[in-house]
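In what follows, a single structure is set out as structure tokens and then discussed.
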Amino acid sequence: MAKATLTISSKNYSSWSLRGWLLTKFSGLEFDEIVIAPDDPDARAEILLLSSSIRVPCLRHEGATVWDTLAIGEYLNDLKPEEYLLPADRIRRAHCRSICGEIHSGFTALRSSLPVNIKGHFPGFKIWSRAQADIERICAIWSDCLEESGGPFLFGHRTMADAMYAPVVTRFMTYDVRLSPALADYAKRVIELSEMQEWIQAAHAEPVEIEELQVEF
């Protein structure tokens, strides 16, 4: 039995579950998954952005209960500093925290109009202007980070930032968002991570579908 448990929801639809799961995987902490079915009324409301009452993901470890993704990342960085979920350098660490905070609290137009749906694929999807502004800001963040670090990930090695932006990568694939060659290469590297491949395979095996997220146009 692992010492930690991580409660998550749908692997196909829940962006926050993916973030918390990746952070825990990146840290190397062994954990057991507790999965709340996406057809659970509370989980469904959270996925549809209608409620924040369900505290998912939620990490429990040695008496600690941590249910916010940024808090999970900070907790794991304290627990496993050798994995460098946050960069060692003070200035780069502040930068990493800043862009993680931006995705944590912002980009509401992107969230609502391009919901995570890993099994879905909607080529030619029409993106409205406010969501496009969010996309452009995210691309600017990625470009600045990759230029400064030299890649292959946002801060050179994989960090909390890559986990926080991983659901955006899946959104860009689902809705056929065009990226520059450098950013497309970064997105490809994220998707090819063994942890992401494990998550994606599980998402495709998930039987439940939420009709509101099966986009038509």
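Bear in mind that the values in this text are calculations on the coordinates, not laboratory data. As the structure is a computational prediction, the values presented were derived from the model and not from experiment. Because the Cβ atoms are built from the backbone with ideal geometry, glycine has one as well, and the counts that use them run over all protein chains shown.
Things to note:
- Whichever lysines have a C-alpha closer than 20 Å to that of Lys11, once near sequence neighbours (fewer than 8 apart) are set aside: Lys25, Lys119, Lys188
- With each label modelled as a point 7 angstrom along the Cα→C-beta vector, the Phe125-Thr5 pair spans 3.4 nm.
- Once the Cα-Cα distance is subtracted from the 0.36 nm per residue extended length, the Asp78 to Glu102 segment shows a gain of 6.5 nm.
- Spin-label model, Glu198/Ala64: points 7 Å from Cα along the beta carbon direction are separated by 2.0 nm.
- Ranked for footprinting exposure by Cβ neighbours inside 10 Å, fewest first, Tyr175, Tyr75 give Tyr75, Tyr175.
- Legend: calculated FRET efficiency, Ala88 to Asp144, from the Cβ-Cβ distance at R0 = 30 Å, rounded to 0.05, equals 0.95.
- Highest GNM mean-square fluctuation among Ile34, Ile103, Ile91, for the chain modelled with Cα contacts below 10 Å: Ile91.
- Nearest-20 debye value, the range 53-99 charge dipole, Cβ charges on Lys, Arg, Asp, Glu: 160
- Comparing Val177, Val190, Val116 in a Gaussian network model of the chain, where Cα atoms under 10 Å apart are tied by springs, the biggest mean-square fluctuation is seen for Val177.
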